[in-house]
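S.K.: Sharing a structure below in structure tokens format, with a few things to ask.
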Amino acid sequence: MSSTFYLPCEKYLEIKEKYESLYGQSYYGVEKKFFEWMYLKHPYHHLLLPNNQFTSFCFSKDSTITACINFVVTKIYITGKEHITCSSVSSFSTPQNSTHYSLLLKQLSDQFDFYLSFGPTEAIEKLYVEKLKFQSMPTVPRSVAILDEKQLIPLLQKNPLPLLPCNAVQIKKWAEESRTHILNATYFRLKDSSQLIPKYWEEHLKNSQATMDKSPEIIKWRYFSHPIIQYHIISTTPEQASGLAIIRIEQSRGLAQYPFARLVEFIPTSGNEEVLAQSVLAFCAEKECVFIDFFCGSNQMLSRLPLVFKSFETHSHLEIPRLLAPIEWRKKKSITSLLKINRKKNDPNILNFNNLYFTKGEADQDVLVNSNHITPNL
């Protein structure tokens, strides 16, 4: 006998044991404090479930869980109108029961206006696109600002592909450009969520063609209250008139001399793009970061990003590693994102995926490569 169900809180240990049997002991994704924070304490959890069920959708056969999709309920705003959205976080299916996963995905995605997913394997991406009519963004654009060429050039020389002398000259030039932007720049770091002023969100919502929910409520949950990772929420001044930026400093595993910065949100107010970027650069330079990167799917936002952040097309030939825990070079230079528009609820032309503001901060994409919290068996 088979069934689908949302995981009751009392079955937490069952799903924990299932994940650890597949991914190894101490797998961070089912640590209790993380699991409860992500799947029980999300601000919009109540839109779907009571407080005694996790947003973990399971398939059971003969009383054994054979597949699962863990997700959060969030919102996409299109020209200011909200649409309830499912953002998947993690999933599994036992090898002999892959069809159970497909059934879960179909049932779950049909409940929402939109369904968003990140980081699929090539096989999963093919299933989503061909069978379930998802849109695919195979390469989420990654912008990079270089701060310290004296650290970056030796790092890139570790790549099996040789670093050309002309590329080293280019890196030095870009780092010098970043340093000129830091002159006289200031930043203000918010110490707690009570200091958050909603002006950034009001402007962002008004000016965006489409955006994931970045309201103060979501920012408080996602970045101020994360149970494991420390994020730095900054603006230019305490009044936050320039907008909001959120940064995570990453120390590469085994390479303490190489700190990097992940810009996970960049939400400037109109006309203050350059000012907010200068604050980001100043903060990261103070932390002695080698470079800053920013994964963002919105062409609209990327067009507003100051030129000190080099576009994906401009820097990709340098092979600046995106995987830093540990550092490794791969053929695939960015993450993949997938979006399904529920055609029963929406006009299929309602959203151009390239116009949606989303970042690597969605779901747990920013958690998976966090070197400060390592799963020993991975």
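S.K.: Please determine whether any residue of the range 238-261 is out of contact with any strand residue (DSSP E or B) (no Cβ under 8 Å at 6 or more places or on another chain), surrounded by fewer than 22 Cβ atoms within 10 Å (Cβ to Cβ) and β-branched (Val, Ile, Thr).
M.R.: No, there is no match, as no residue in the range 238-261 is out of contact with any strand residue (DSSP E or B) (no Cβ under 8 Å at 6 or more places or on another chain), surrounded by fewer than 22 Cβ atoms within 10 Å (Cβ to Cβ) and β-branched (Val, Ile, Thr).
S.K.: Identify the residue in the range 97-143 that is of a type in the set (D, E, K, R) and closer than 30 Å to Phe266 by Cβ and, among all such residues, is modelled with the lowest pLDDT.
M.R.: Step one: of the range 97-143, the residues of a type in the set (D, E, K, R) are 106, 110, 113, 122, 125-126, 130-131, 133, 142.
Imposing the further condition that a residue be closer than 30 Å to Phe266 by Cβ reduces the set to 113, 122, 125, 142.
Working: Asp113: 95, Glu122: 82, Glu125: 88, Arg142: 96.
Once the filter is applied, the top-ranked residue is Glu122.
S.K.: Give the range 225-237 a look and list any residue that's in contact with a strand residue (DSSP E or B) (Cβ under 6 Å, 6 or more places away or on another chain) and of a type in the set (A, V, I, L, M, F, W, C), or say none.
M.R.: Pass one, the range 225-237, residues in contact with a strand residue (DSSP E or B) (Cβ under 6 Å, 6 or more places away or on another chain): 231-235, 237.
Residues satisfying the conditions are Ile233, Ile234.
S.K.: Now for a separate question. Quick check on the range 136-149. Is at least one of its residues farther than 22 Å from Leu263 by Cβ and not small (Gly, Ala, Ser)? It would help to see each step written out before you state the result.
M.R.: Residues of the range 136-149 that are farther than 22 Å from Leu263 by Cβ, as a first pass: 136.
After this cut, where a residue has to be not small (Gly, Ala, Ser) as well, the list is none.
No; the residues of the range 136-149 include none that is farther than 22 Å from Leu263 by Cβ and not small (Gly, Ala, Ser).
S.K.: Does the range 101-109 contain at least one residue that is on the phi > 0 side of the Ramachandran plot, not assigned by TED's automatic domain parsing to the domain that holds Ile327 and not aromatic (Phe, Trp, Tyr)?
M.R.: The first filter runs over the range 101-109 and keeps only residues on the phi > 0 side of the Ramachandran plot, leaving none.
Looking through the range 101-109, none of the residues is on the phi > 0 side of the Ramachandran plot, not assigned by TED's automatic domain parsing to the domain that holds Ile327 and not aromatic (Phe, Trp, Tyr).
S.K.: Going by what's in this entry, would Lys131 be described as more than 30 Å from Ala67 (Cβ to Cβ) and surrounded by fewer than 14 Cβ atoms within 10 Å (Cβ to Cβ)? Before the answer, list the steps.
M.R.: Details: more than 30 Å from Ala67 (Cβ to Cβ): no; surrounded by fewer than 14 Cβ atoms within 10 Å (Cβ to Cβ): yes.
So Lys131 fails the test.
S.K.: Under 6 Å by Cβ, and 6 or more places apart or on different chains, what pairs join a residue from the range 167-194 that is of a type in the set (S, T, N, Q) with one that is modelled with pLDDT under 95?
M.R.: The qualifying pairs are Asn167/Leu318.
S.K.: Has the range 240-260 got at least one residue that is of a type in the set (Asp, Glu) and assigned to a helix (DSSP H, G or I)?
M.R.: Filtering the range 240-260 for residues of a type in the set (Asp, Glu) gives 250.
Going one step further and asking which of them are assigned to a helix (DSSP H, G or I), we end up with none.
No, the range 240-260 has no match at all.
S.K.: A further question follows. If I filter the range 303-315 down to residues being in a helix (DSSP H, G or I) and free of Cβ contacts under 8 Å to residues at least 60 places away in the same chain, which single residue comes out as surrounded by the most Cβ atoms within 10 Å (Cβ to Cβ)?
M.R.: Here is the first cut: in the range 303-315, the ones in a helix (DSSP H, G or I) are 303-304, 312-315.
Keeping just the survivors that are free of Cβ contacts under 8 Å to residues at least 60 places away in the same chain gives 303-304, 313-314.
Numbers: Ser303: 8, Arg304: 17, Glu313: 8, Thr314: 14.
For the range 303-315, the residue satisfying everything is Arg304.
The values are calculated or read from the model by the stated rules, or taken from the named source; none is laboratory data. Keep in mind it's a predicted model, so treat the numbers as computed, not measured. Every residue, glycine among them, receives a Cβ derived from its backbone with ideal geometry; neighbour counts consider all protein chains shown.
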